[in-house]
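Only the coordinates and a few stated rules stand behind these numbers; no lab work does. Note that the coordinates shown come from a computational prediction; the quantities given were computed from them, not determined experimentally. Neighbour counts are summed over all protein chains in view; Cβ atoms, including those assigned to glycine, are modelled from backbone coordinates with ideal geometry.
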Amino acid sequence: MANNSYNSKDILVLEGLDAVRLRPGMYIGTTGSKGMHHLLWEIVDNSIDEISNGYGNKIEIIMHKDNSITVCDNGRGIPVDKHPKLHVSGVEVVFTQLHAGGKFNNENYAYSGGLHGVGASVANALSEWLEVTVYKEGFEYNIKFASIEKTKGKVSGGVPQTDLIKVGKTKLTGTKVTFLPDKRIFFDEKFDFEIISKRAKELAFLNKNIIIELKDENQLDENGNVKSVVFNYKNGLKDFITYLNEGQTTLYKEPIYIEGSSDVVQLTLAIQHTTGYSETICSYVNNIPTSEGGTHETGLKSALTRAFNDIARNNALLKEKDANLLGEDFREGIVVILAIKMKNVQFEGQTKTKLGNPEAKQEVENIVYNALMDYSLTKQSKSVITEIVNKGKNAAKARLAAKHAKELTRKKNSVDSYNLVGKLSSCTGKNPKLNELFIVEGDSAGGTAKQGRDRSFQAILPLKGKPLNVEKKRLNQVLENEEIKTIISAIGAGIGNDFNIQNIKYDKVIILADADQDGAHIRAILLTFFYRYMRSLITEGHVYIGIAPLYRIYKRNFEKYVYDEADLNKVIKECGVGYQVQRYKGLGEMNNDQLWETTLDPSNRVLVQVSIEDAAEAEIMVTTLMGDNIEARKAYITENANFNKVDTMLDKIGASNERRKK
Ligand code: TSJ
């Protein structure tokens with residue numbers, strides 16, 4: 001792609017760095033942890049681009065003790081020649097001009113980083129200092145930048161301390177950048193090994209053969225060496241899907257793997273069905289996850305439906321008289337990873353993670369359809385195709401059965417139907433925006449909650465036993481379950497494809513279960529149900545976990561509740577001598593006043609809001625914890641040993657506190 005010579009004149013110049021210091025949020029979203037990590041990804045993106053274009057194969061990321069961080073690649077090295085108009089080195093231009101960089105204005109790089117892509121200059125502007133070393137054409141070059149206080153209180157970032165200096169000779173080629181995020185912007189945020197390694201792994205899956213090594217000088221391994229991990233996947237998305245489906249029962253062994261391109265997009269795709277019933281599509285554009293989907297996913301789905309129907313007919317698996325299967329039939333149990341690269345991407349949607357480019361649909365559809373038709377002619381595809389089509393046919397049958405069951409449920413549940421009487425204690429207020437539904441573990445705690453609540457806006461739904469684990473069930477079976485039916489009709493907005501968030505009767509759906517293993521299981525089951533059948537209830541932030549206290553510490557004139565084992569001693573100290581400790585083994589041990597005060601009262605309670613940050617992670621978690629592979633489940637729970645506390649589930653799905661107890 002990079003054919004003719006490239007030098008500093010190709011680097012487009014737009015704006016100075018002060019704008020970035022002035023409004024960091026405009027460039028990196030937040031000035032919290034996420035924003036700080038964003039600086040790192042801006043830098044890493046450049047190395048990925050270089051390697052994707054065929055130059056070099058390795059990126060090293062090193063976390064230092066002072067929270068500075070190094071990114072190093074073995075590509076060609078940033079151009080060092082002087083920019084004809086600006087009269088400074090290419091390196092200096094890249095780091096001091098906003099939007100500078102080959103990515104934005106020419107043919108040297110095929111794809112811009114899209115959503116991000118604001119580049120290295122932003123990282124420089126928001127760093128206390130930044131140092132660049134370039135190894136190129138036999139020489140090593142170096143330049144340093146720093147933030148300086150010009151006039152009192154006014155700090156400029158990314159100011160070059162020298163010109164680019166030729167340091168000496170070298171046989172290496174590549175680029176090394178080290179920077180320290182400015183504490184005046186990010187305060188004491190620290191780079192996080194887990195966050196970085198997760199994304200590094202993802203990048204290694206998305207860019208096959210690339211080697212990404214991450215070192216953390218703050219941590220030592222068993223042998224006393226600096227902790228280090230290396231990610232390198234020869235089979236890219238094929239390895240990714242194998243990882244996602246680890247511990248699942250798959251319908252066939254070899255994933256379907258496609259690489260293809262047109263003038264407009266470059267595409268890689270991996271497909272593997274599990275024997276389960278859910279649908280998982282993970283898509284990326286220019287290495288950026290598109291959690292909200294978009295035109296490329298639409299094209300993909302059309303291609304899958306059309307290709308599998310055509311293939312089924314070509315192989316006499318569907319007869320002439322048979323109707324075509326629906327897309328959702330073929331997607332039952334499917335896990336797909338789609339990664340495309342294209343220029344001038346437009347992101348839309350609430351979180352700007354939805355691809356908007358209309359041309360992507362047709363391009364993706366064509367490439368995928370043609371590749372699948374070609375694949376269907378190969379010998380090794382025959383058994384795979386038979387499995388997929390048969391699963392699709394079964395799904396179609398179940399779909400018809402579910403339609404029937406749903407119609408029944410709908411009829412039964414019109415107005416406060418009989419099957420809800422005695423279970424749901426609804427609230428008197430009629431404004432869904434204010435109302436809350438508590439789903440409470442156990443009849444006895446449910447009874448207490450009914451007594452303790454504020455009935456003007458709080459409804460209580462007690463659960464008798466454990467609700468159905470929906471992970472192993474098809475929709476029609478799910479709809480046969482009384483407990484689930486009650487939840488669906490209480491929420492009042494339908495289920496599955498028919499779920500309409502506009503119709504929810506409660507703004508908050510709060511799961512209230514004991515802080516023990518059974519409670520954890522119930523939480524996991526309910527969250528899985530919402531994740532599978534009312535996903536927008538989670539993504540739109542309506543699902544919460546209520547946290548009840550574990551202890552009450554009291555004596556005359558003193559009473560405090562403890563929500564966290566770690567706080568117990570602190571509170572005891574605070575209380576002084578002569579105190580008593582009451583330990584709550586379950587919600588049922590509290591009286592109604594106590595339950596109100598500690599768990600129901602909005603001005604005092606602790607709620608954890610459930611969110612889905614990372615669909616792929618959430619998927620692994622849900623399928624592993626709720627699926628039927630017991631070995632995998634055990635391994636997962638052992639690996640994530642805090643399952644019994646406030647649940648790995650919450651970590652994985654991503655949870656944040658509505659408010660924390662003081
Ligand atoms: F952006 C950055 F400056 F922060 C940065 C860039 C950081 C790091 C760690 C690496 C890089 C980078 C840039 N690695 N490799 C490159 N390559 C180029 O800038 C480059 C080299 C040669 C040519 C050419 O046409 O000869 C073109 C480019 C864009």
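Annotation for N591 and Q161: the two label points, set 7 Å from Cα along the Cα-Cβ direction, are 6.8 nm apart.
Please go through the stretch 441-481 and write out the GluC sites (Glu not before Pro) that DSSP classes as loop and that have at most 16 other C-beta atoms within 10 Å.
Numbers: sites: E441, E471, E480; in loops: E480.
Here the sparse-neighbourhood loop sites are E480.
Each Cα pair under 8 Å and six or more residues apart adds its separation to the average, and for the stretch 236-276 the resulting relative contact order is 45 percent. Once the Cβ-Cβ distance between D322 and S456 is put in as r, and R0 is 56 Å, what FRET efficiency do you end up with, to the nearest 0.05? E(calc), rounded to 0.05, equals 0.50.
Annotation: lysines with alpha-carbon distance below 20 angstrom to K508 (same-chain offsets under eight excluded): K423, K430, K433, K450, K485, K661.
Applying both filters, DSSP loop and at most 15 other Cβ atoms within 10 Å, to the chymotrypsin sites (Phe, Trp or Tyr not before Pro) of the stretch 115-205 gives F187.
Hey, with R₀ at 60 Å, roughly what FRET efficiency would E407 and E137 work out to, going by the Cβ-Cβ distance, to 0.05? Before the final figure, lay out the partial values.
Details: r = 73 Å, r/R0 = 1.22.
E(calc), rounded to 0.05, equals 0.25.
Taking the DSSP beta bridges with both ends in the stretch 476-569, the antiparallel portion is around 60 percent. Within a straight-line Cα-Cα reach of under 25 Å, K319 can be paired with the following lysines, leaving aside sequence neighbours fewer than 8 residues apart in one chain: K301, K379, K382, K391, K393, K397, K403.
Working out 0.36 nm times the residue gap between S262 and E246, then minus their Cα-Cα distance, what length gain in nm do you get to one decimal? Mind showing how you got there, number by number?
Working: separation 16, 0.36 × 16 = 5.76 nm, distance 3.24 nm.
Gain on extension, S262 to E246, equals 2.5 nm.
Packing-wise, with mean Cβ within 10 Å as the measure, how do 373-382, 50-59, 282-291 rank, highest first?
On the way: 373-382: 13.0, 50-59: 18.5, 282-291: 23.2.
Ranked from most to least packed, the peptides come out as 282-291, 50-59, 373-382.
Straight-line cross-link reach from K555 at under 18 Å between alpha-carbon atoms covers these lysines, not counting any fewer than eight positions away in the same chain: K570, K573. Across every pair of different alpha-carbon atoms, what Kirkwood hydrodynamic radius in Å does the stretch 137-226 reach? Over the stretch 137-226, the inverse of the mean reciprocal pair distance is 17.1 Å.
Given Cβ point charges of +1 (Lys, Arg) and -1 (Asp, Glu) and nothing else, what value in debye, to the nearest 20, does the dipole of the stretch 480-569 about its Cα centre take? Don't jump to the answer; show the numbers that get you there.
On the way: 10 positive and 13 negative charges, 63 e Å.
It works out to roughly 300 debye.
What does the extension gain come out to for Q380 and T30, with contour length at 0.36 nm per residue minus their alpha carbon separation?
Numbers: separation 350, 0.36 × 350 = 126.00 nm, distance 4.90 nm.
Stretched out fully, the Q380 to T30 stretch lengthens by 121.1 nm.
What the Cβ-Cβ distance of E254 and R23 gives, at R0 = 60 Å and to the nearest 0.05, is a FRET efficiency of 0.75.
Taking 0.36 nm per intervening residue step and subtracting the Cα-Cα distance, what contour gain separates D66 from E480 on full extension? Intermediate values should be presented prior to the final figure.
On the way: separation 414, 0.36 × 414 = 149.04 nm, distance 5.78 nm.
Net length gain for the segment: 143.3 nm.
Panel order for V88, V265, V122, V606, by other beta carbons found within 10 Å of each beta carbon, from fewest to most: V88, V606, V265, V122. Give the residue list of GluC sites (Glu not before Pro) in the stretch 187-260 that are DSSP loop and have at most 12 other beta-carbon atoms within 10 angstrom. Those satisfying the criteria are E222. In this simple spin-label approximation, E387 and K183 carry label points 7 Å from Cα along the Cα→Cβ vector, and these lie 5.6 nm apart.
Here the stretch 196-229 is scanned for amide nitrogen atoms under 13 Å from the site 7 Å beyond the Cα of N57 along Cα-to-Cβ, giving 208-212. Taking amide hydrogens as placed 1.01 Å from N in the peptide plane, the amide H of E348 sits under 5 Å from those of T353, K354, L355, G356, each at least 5 positions away in sequence or on another chain. Phi angles of the stretch 293-303 translate, via the Karplus equation with coefficients 6.51, -1.76, 1.60 and θ = phi - 60°, into HN-Hα couplings of x, x, 4, 5, 5, 4, x, 4, 4, 4, 5 Hz per residue; Gly and Pro are given as x. Placing a label point 7 Å from the Cα of Q219 along the Cα-to-Cβ direction, the residues of the stretch 175-197 with a backbone N closer than 17 Å are 190-197. Antiparallel beta bridges, as assigned by DSSP with both residues in the stretch 226-341, represent about 75 percent of the total such bridges.
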